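Enquirer: One structure, as structure tokens, below. Some questions next.
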Amino acid sequence: MKDLYEKFAYDYDEFGSIDEYLGDEKTFLNKIFSEHGVKNVLDCACGTGQHIYMLSQSGYNVWGSDYSKSMLEVASKNLEKRNYDIPLNQCDFRFLEQKFDMTFDAIVCLTTALPHLHTDEDLLLALRSMKNRLNKNGLLVLTQGTTQFTLSLPSIEVVVNRPDFSRVFVKEHNDEFQTIHVLDLFHSTERLENNQYDIVYRILLEEDYKSLLSQAGFTNVQIYGDYNMNGYNENSWRLIVVAKA
Ligand SMILES: C[S@@+](CC[C@H](N)C(=O)[O-])C[C@H]1O[C@@H](n2cnc3c(N)ncnc32)[C@H](O)[C@@H]1O
């Protein structure tokens, strides 16, 4: 499998530093985790370590893994700088049991990570692998920005616009896949450069998750449309899935 983040990883945090997570995402995770007595959490698509940092600050015992070695290198530096010593593993989330002997109270796979897999076969492999690494009644949390509503928005989005740097998303989709062309434009005298990364996501909406999660053996599937726990609907900006192993 190709690592789409091999080069992108080193500029990924131009979205905002790992300290700049949304407070309501933190409140949401703390609420559902405290309701279920969660102590040990695996972030199985940890990227540059943003949620590892957030969850560690909230007092959970956190492990991180990701497919991309580059993302893990950036995560490791980010966490080291903030004096957090967190175990990080290079691991494809379709095969978590290859790197993790232990099981967790919760596994998170956040910010449109699962849809990097394109076939039902791979998606089920990943969801079963996550279920297999969860304790009985353990929680799986998946989040994404792709929703019925966001798919209907204009195809060009300026995501970052600073005097020295701009990040633009150009999006296109058909019924099954969404492609995000990420255009990074560095426009200062110190760095004058542009890069393009093309990420293809399988479009997974409410019914797809319900069906896949039930086939993988999960129960109590809840789908929210925001971090205030409002239900998902046709106007939602986010799709947040919580399911029990
Ligand atoms: C959009 S980034 C999100 C990163 C992080 N979760 C966040 O919220 O910032 C998607 C991440 O999923 C990881 N990923 C994609 N496919 C994967 C796989 N099969 N196994 C593990 N990680 C994967 C990528 O390497 C990347 O770090």
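Enquirer: Would you say residue 235 is more than 19 Å from the chain's Cα centre (by Cα) and either assigned to a strand (DSSP E or B) or within 16 Å of the ligand (Cβ to nearest atom) (or both)? Give the derivation first.
Expert: Values: more than 19 Å from the chain's Cα centre (by Cα): yes; either assigned to a strand (DSSP E or B) or within 16 Å of the ligand (Cβ to nearest atom) (or both): no.
Here the answer is no, as residue 235 does not meet what is asked.
Enquirer: Given the conditions (1) in contact (Cβ under 8 Å) with a residue 40 or more places away in the chain; (2) over 22 Å from residue 4 (Cβ atoms), which single one is not true for residue 152?
Expert: Status for residue 152: all satisfied but (1).
Enquirer: OK, next. Scan 101, 175, 184 and give me the residue that is over 17 Å from the mean Cα position of the chain (by Cα), within 16 Å of the ligand (Cβ to nearest atom) and charged (D, E, K, R). Before you say what the answer is, go through the steps one by one.
Expert: On the way: 101 fails: within 16 Å of the ligand (Cβ to nearest atom); 175 fails: within 16 Å of the ligand (Cβ to nearest atom).
Step by step, each of 101, 175, 184 is checked, and only 184 is over 17 Å from the mean Cα position of the chain (by Cα), within 16 Å of the ligand (Cβ to nearest atom) and charged (D, E, K, R).
Enquirer: Being touching a residue at least 60 places away in the same chain (Cβ under 8 Å), more than 30 Å from residue 162 (Cα to Cα), part of a helix (DSSP H, G or I) and not polar (S, T, N, Q) narrows it down to one residue among 42, 29; which is it?
Expert: 29
Enquirer: Hey, another quick one. Restricting region 191-200 to residues that are part of a strand (DSSP E or B) and open to solvent by 30 Å² or more (accessible area, probe 1.4 Å), which is nearest to residue 150 (Cα to Cα)?
Expert: The first filter runs over region 191-200 and keeps only residues part of a strand (DSSP E or B), leaving 192-200.
With the extra rule that they be open to solvent by 30 Å² or more (accessible area, probe 1.4 Å), the set shrinks to 192-194, 196, 198, 200.
Details: 192: 31, 193: 29, 194: 26, 196: 22, 198: 18, 200: 16 Å.
The residue in question is 200.
Enquirer: Could you please let me know if residue 52 is of a type in the set (Val, Ile, Thr), near the ligand (Cβ under 10 Å from one of its atoms) and closer than 12 Å to residue 108 by Cα? Before you say what the answer is, go through the steps one by one.
Expert: Details: of a type in the set (Val, Ile, Thr): yes; near the ligand (Cβ under 10 Å from one of its atoms): yes; closer than 12 Å to residue 108 by Cα: yes.
So residue 52 passes the test.
Enquirer: Just to be sure before I move on: is residue 165 free of Cβ contacts under 8 Å to residues at least 40 places away in the same chain and either over 19 Å from residue 45 (Cβ atoms) or surrounded by fewer than 16 Cβ atoms within 10 Å (Cβ to Cβ) (or both) in the structure I sent?
Expert: Taking the combined requirement at face value, the residue does not satisfy it.
Enquirer: If we only count strands (runs of 3 or more DSSP E) wholly inside region 48-141, which ones have 1 or more residues that are among the acidic types (Asp, Glu) and open to solvent by 30 Å² or more (accessible area, probe 1.4 Å)?
Expert: On the way: elements: 61-66, 88-90, 104-109.
Because the criterion is at least 1 residues that are among the acidic types (Asp, Glu) and open to solvent by 30 Å² or more (accessible area, probe 1.4 Å), the strands (runs of 3 or more DSSP E) in region 48-141 that meet it are 104-109.
Enquirer: Mind counting the residues in region 201-230 that are part of a strand (DSSP E or B), under 27 Å from residue 135 (Cα atoms) and under 20 Å from the mean Cα position of the chain (by Cα)? If you could, list the steps in order and put the result at the bottom.
Expert: Pass one, region 201-230, residues part of a strand (DSSP E or B): 201-202, 219-224.
Cutting the leftovers down to under 27 Å from residue 135 (Cα atoms) gives us 219-224.
If we keep only those that are under 20 Å from the mean Cα position of the chain (by Cα) too, we end up with 221-224.
Total meeting the criteria: 4.
Enquirer: Looking at (1) more than 16 Å from residue 70 (Cα to Cα); (2) near the ligand (Cβ under 9 Å from one of its atoms), which is the one condition that is false for residue 22?
Expert: (2)
Enquirer: Only one of (1) open to solvent by 40 Å² or more (accessible area, probe 1.4 Å); (2) under 20 Å from residue 90 (Cβ atoms) fails for residue 31. Which number is that?
Expert: Looking at each condition in turn, residue 31 falls short on (2).
Enquirer: Is it the case, given these coordinates, that residue 70 is within 11 Å of the ligand (Cβ to nearest atom), among the polar types (S, T, N, Q) and within 22 Å of residue 241 (Cβ to Cβ)? Steps first, answer last, please.
Expert: Values: within 11 Å of the ligand (Cβ to nearest atom): yes; among the polar types (S, T, N, Q): yes; within 22 Å of residue 241 (Cβ to Cβ): no.
Here the answer is no, as residue 70 does not meet what is asked.
Enquirer: Sticking with this structure for a sec: Given the conditions (1) outside the structural domain of residue 126 (by TED's automatic domain parsing); (2) not in a strand (DSSP E or B), report the number of the one that residue 186 does not fulfil.
Expert: (2)
The values are calculated or read from the model by the stated rules, or taken from the named source; none is laboratory data. All values reported here derive from a predicted model rather than from experimental measurement. Cβ coordinates were reconstructed from backbone atoms using ideal geometry, including for glycine residues, and neighbour counts include every protein chain displayed. Accessible surface is based on the protein model in full, side chains and every heavy atom, while ligands, DNA and RNA are left aside. Shrake-Rupley method; radii C 1.70, N 1.55, O 1.52, S 1.80 Å.
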